[in-house]
Amino acid sequence: MGLFGGRKTVFVDADILVIGGGMAGCGATYESRYWGRDLKIVCVEKANIERSGAVAQGLYAINCYMGMQWGENQPEDHVRYARNDLMGLVREDLGYDIARHVDSSVHKFEEWGLPMMKDPKTGRYQREGKWQIMIHGESYKPIVAEAARKAATEVYNRIMVTHLLMDNKANRVSGAVGFNVRTGDYHVFRAKAVIVGAGGASHIFKPRAVGEGMGRTWYAPWSSGSCYALPIQVGAKMTQMENRIVLTRFKDGYGPVGAYFLHLKTYTQNGNGEEYEKRWVEDTRALVGEYIDHHPVPTCLRNHALLKELAAGRGPIRMVTKEAFQDPHKETIGWENFLGMTIGQAVVWASQNIDPKHVNPELTTSEPYVMGSHATCSGAWASGPEDYAPAEYQWGYNRMMTVDGLFGAGDTIGGTAHKFSSGSFTEGRIAAKAAVRYVMEKGRDQPQVSEKEYRDLEKVIYQPLENYRVGRNEIVAGTVSPSYLLPIHGLQRLEKIMDEYVGGISTNYMTNGQLLNRGLELLTMLKEDMSSMGAEDLHQLQRTWELHHRLLTSESVTHHTLFREETRWPGYYYRGDHMKLDDQNWHCFTLSRYDRDTGKWAMEKAPVYHIID
Ligand SMILES: Cc1cc2nc3c(=O)[nH]c(=O)nc-3n(C[C@H](O)[C@H](O)[C@H](O)COP(=O)(O)OP(=O)(O)OC[C@H]3O[C@@H](n4cnc5c(N)ncnc54)[C@H](O)[C@@H]3O)c2cc1C
């Protein structure tokens with residue numbers, strides 16, 4: 001088959017195009033229909049929304065629920081909590097906006113059939129912690145997807161979106177293109193507004209699990225940074241991309257520890273059976289000052305203590321489960337927690353003869369990930385809510401990026417950590433409401449789609465198939481060719497660069513200006529080689545475009561890390577040449593803008609406004 005032989009071009013027109021049908025995308029699709037009864041709402045997803053995204057295999061807790069109906073928490077409390085955990089730097093307007101609406105999303109989940117655990121005494125949702133409520137969540141994603149499916153005019157599954165389209169006369173989005181990963185058909189979506197909800201980024205840093213285990217990461221292995229790369233490509237400003245997350249998790253299976261700490265009241269100790277966190281308080285104070293005295297202790301600082309203890313030679317760090325697991329109720333919860341969410345951890349324990357009733361399992365820190373919805377807040381710089389955002393954070397519609405008509409939610413939007421599954425869905429709803437208003441107010445003023453742009457992109461998108469078809473004739477065996485690079489080789493090269501130069505596991509999360517600059521040089525060389533990617537089939541073509549997205553995300557992370565000349569979050573990464581937190585110069589957001597014509601990145605600072613006392 002030649003470059004275009006047998007391949008159809010499918011044109012789809014939409015009022016609102018939602019890219020990525022995960023938690024945020026489903027929320028956006030659902031809410032778009034609520035406000036835009038007669039609009040054409042299209043959701044496009046690279047997998048199948050029934051089981052796609054970070055919630056694919058289910059969750060055991062909804063981590064963001066205020067409980068306002070019972071006076072448990074108020075939105076202001078959540079802003080304070082997130083601000084504290086992020087060492088002061090959050091978009092309080094965006095966080096407040098999610099917190100004030102998130103409970104209503106959770107109530108909808110229950111109405112749609114999600115089994116919620118209830119406290120037998122009070123009848124309220126069973127709390128795991130101050131913000132978390134417990135669910136029987138194996139089917140969380142299909143339940144949410146059903147609501148989106150019923151709301152959408154059309155859902156296109158199995159379409160990998162590779163690029164956004166732009167009106168060539170304005171800074172305005174006009175749609176997106178991608179290809180069907182099963183049929184190879186080329187899809188051109190023309191849209192009046194686009195909402196990006198395409199997940200975070202794993203596999204940009206070398207994972208702890210390599211070789212045959214490399215698919216096992218904490219964040220979903222299919223989160224390929226599209227939510228960042230798509231807006232970056234068209235010049236949307238990004239924020240806090242240096243704020244990567246490192247998680248303390250059960251070793252080898254990345255099993256979450258939240259239910260263990262919060263509900264089972266387990267605790268950690270070093271290899272000698274000693275409590276170790278207090279030992280590092282003074283050391284940490286020397287780096288970050290009074291932030292170490294905050295309650296709760298920010299997540300990154302707890303990581304820091306663990307890393308220091310390991311470096312002092314007193315590993316392994318273990319979770320003390322033996323005591324809690326003597327209680328049959330807690331033992332059940334401990335296992336169910338994994339069976340409904342991270343079944344792989346239960347399998348790892350079984351295969352390694354670890355019964356947590358008799359053996360305290362090891363913990364470790366993960367490789368870094370980039371995301372905007374969990375405990376960190378990388379992502380696009382977005383306009384805030386009209387009634388709450390400071391003037392400097394408002395240039396149009398709520399959750400609109402710095403490109404007209406381009407909205408985002410969930411991992412896509414920066415500055416708002418701790419939204420999790422429920423907050424991401426809620427932010428999707430918020431973005432959708434604004435996007436509908438945008439479309440209605442624009443009326444007949446519609447963005448123009450350029451045929452030249454989507455035809456040029458078509459050539460670029462499918463070129464790796466052609467590279468492979470021609471280049472494979474140069475080799476008779478093996479996978480290494482003189483004329484093309486396979487996606488797996490490109491991915492491993494990327495992960496190695498990020499790991500060694502940008503603060504991954506092999507340097508104990510340490511980097512500095514020289515390393516970052518060298519990392520950027522190596523990333524540029526990899527970028528140059530990307531035109532030689534070879535894809536054997538459509539699956540590998542998808543891998544190629546995921547790699548493109550991961551690479552652009554990585555470049556962004558590296559530029560941001562270089563720009564912020566301090567160590568704001570020890571335990572997530574360290575700038576060896578600026579080891580201290582520097583509130584005087586860096587109590588600010590970092591912003592970047594990529595120019596796709598020159599390949600240059602422009603960096604700037606933006607103020608952090610503390611709206612809530
Ligand atoms: C291991 C783990 C445990 C977690 N535990 C909890 C928990 O206990 N409680 C909680 O509330 N939250 C938890 N979370 C967080 C929660 O899952 C995320 O906050 C939430 O899923 C983020 O929503 P999102 O829509 O931004 O991304 P996702 O839900 O990941 O959705 C992104 C979607 O975009 C699609 N996509 C990506 N790229 C493209 C492309 N190029 N073209 C088309 N489609 C694309 C993906 O396939 C996916 O469907 C956990 C996450 C993980 C990974």
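The values are calculated or read from the model by the stated rules, or taken from the named source; none is laboratory data. Only a predicted model underlies this, so the values are computations on that prediction, with no experimental measurement involved. Cβ coordinates were reconstructed from backbone atoms using ideal geometry, including for glycine residues, and neighbour counts include every protein chain displayed. Calculation scope for accessible area: heavy atoms of the full protein, side chains included, ligands and nucleic acids excluded. Shrake-Rupley method; radii C 1.70, N 1.55, O 1.52, S 1.80 Å.
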Among (1) charged (D, E, K, R); (2) open to solvent by 10 Å² or more (accessible area, probe 1.4 Å); (3) part of a loop (DSSP other than H, G, I, E, B), where does Glu242 come up short?
(2)
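Okay, residues lined up against (1) more than 16 Å from the ligand (Cβ to nearest atom); (2) assigned to a helix (DSSP H, G or I); (3) among the aromatic types (Phe, Trp, Tyr):
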{"position": "Glu528", "(1), (2), (3)": "yes, yes, no"}
{"position": "Ala535", "(1), (2), (3)": "no, no, no"}
{"position": "His539", "(1), (2), (3)": "no, yes, no"}
{"position": "Gln542", "(1), (2), (3)": "no, yes, no"}
{"position": "His549", "(1), (2), (3)": "no, yes, no"}
{"position": "Thr553", "(1), (2), (3)": "no, yes, no"}
{"position": "Thr558", "(1), (2), (3)": "yes, yes, no"}
{"position": "Glu566", "(1), (2), (3)": "yes, no, no"}
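This table checks each residue for (1) crowded, with 24+ Cβ neighbours inside 10 Å; (2) within 13 Å of the ligand (Cβ to nearest atom).
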residue: Ile204; (1), (2): yes, no
residue: Ala209; (1), (2): no, no
residue: Pro231; (1), (2): yes, yes
residue: Ala236; (1), (2): yes, no
residue: Leu247; (1), (2): no, yes
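Looking only at the range 117-154, count how many residues are more than 11 Å from the ligand (Cβ to nearest atom) and either open to solvent by 20 Å² or more (accessible area, probe 1.4 Å) or assigned to a loop (DSSP other than H, G, I, E, B) (or both).
Within the range 117-154, the subset more than 11 Å from the ligand (Cβ to nearest atom) is 117-127, 130, 136, 138-139, 142-143, 146-147, 149-154.
Keeping just the survivors that are either open to solvent by 20 Å² or more (accessible area, probe 1.4 Å) or assigned to a loop (DSSP other than H, G, I, E, B) (or both) gives 117-124, 126-127, 130, 136, 138-139, 142-143, 146, 149-150, 152-154.
Within the range 117-154, residues that are more than 11 Å from the ligand (Cβ to nearest atom) and either open to solvent by 20 Å² or more (accessible area, probe 1.4 Å) or assigned to a loop (DSSP other than H, G, I, E, B) (or both) number 22.
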So, first residue in contact (Cβ under 8 Å) with a residue 12 or more places away in the chain in the range 94-110, second residue outside any helix (DSSP H, G or I) and open to solvent by 50 Å² or more (accessible area, probe 1.4 Å), Cβ within less than 7 Å, six or more apart or across chains; the pairs are Tyr96/Tyr388; Asp97/Tyr388
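Condition first: surrounded by 24 or more Cβ atoms within 10 Å (Cβ to Cβ) and part of a strand (DSSP E or B). Now tell me which residues in the range 184-199 satisfy that.
Kept after step one, since they are surrounded by 24 or more Cβ atoms within 10 Å (Cβ to Cβ), are these residues of the range 184-199: 189, 191-199.
Across the range 184-199, the qualifying residues are Phe189, Ala191, Lys192, Ala193, Val194, Ile195, Val196.
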Across the range 1-51, what is the number of residues that are farther than 21 Å from Gly443 by Cβ and more than 27 Å from the chain's Cα centre (by Cα)?
12
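Could you check how many residues of the range 439-467 are under 30 Å from Tyr484 (Cα atoms) and touching a residue at least 60 places away in the same chain (Cβ under 8 Å)? Lay out the reasoning, then the answer.
Taking the range 439-467 as the starting set, the residues that turn out to be under 30 Å from Tyr484 (Cα atoms) are 451-467.
Checking the rest, the ones that are also touching a residue at least 60 places away in the same chain (Cβ under 8 Å) come to 453-454, 457-459, 461-467.
Residues in the range 439-467 being under 30 Å from Tyr484 (Cα atoms) and touching a residue at least 60 places away in the same chain (Cβ under 8 Å): 12 in total.
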I need the strands (runs of 3 or more DSSP E) fully contained in the range 316-434, keeping only those with at least 1 residues that are small (Gly, Ala, Ser) and either crowded, with 20+ Cβ neighbours inside 10 Å or at positive phi (or both).
406-408
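What residue, among those in the range 280-296 that are farther than 18 Å from Asp583 by Cβ and within 29 Å of the chain's Cα centre (by Cα), is surrounded by the most Cβ atoms within 10 Å (Cβ to Cβ)?
Filtering the range 280-296 for residues farther than 18 Å from Asp583 by Cβ gives 280-283, 295-296.
After this cut, where a residue has to be within 29 Å of the chain's Cα centre (by Cα) as well, the list is 295-296.
On the way: His295: 6, Pro296: 12.
For the range 280-296, the residue satisfying everything is Pro296.
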Candidates Gly25, Gly58, Gly20 - the one that is of a type outside the set (Val, Ile, Thr), within 11 Å of the ligand (Cβ to nearest atom) and at pLDDT below 95:
Gly58
So which residues in the range 102-131 are within 22 Å of Gly25 (Cα to Cα) and within 21 Å of the chain's Cα centre (by Cα)?
Val102, Ser105, Val106
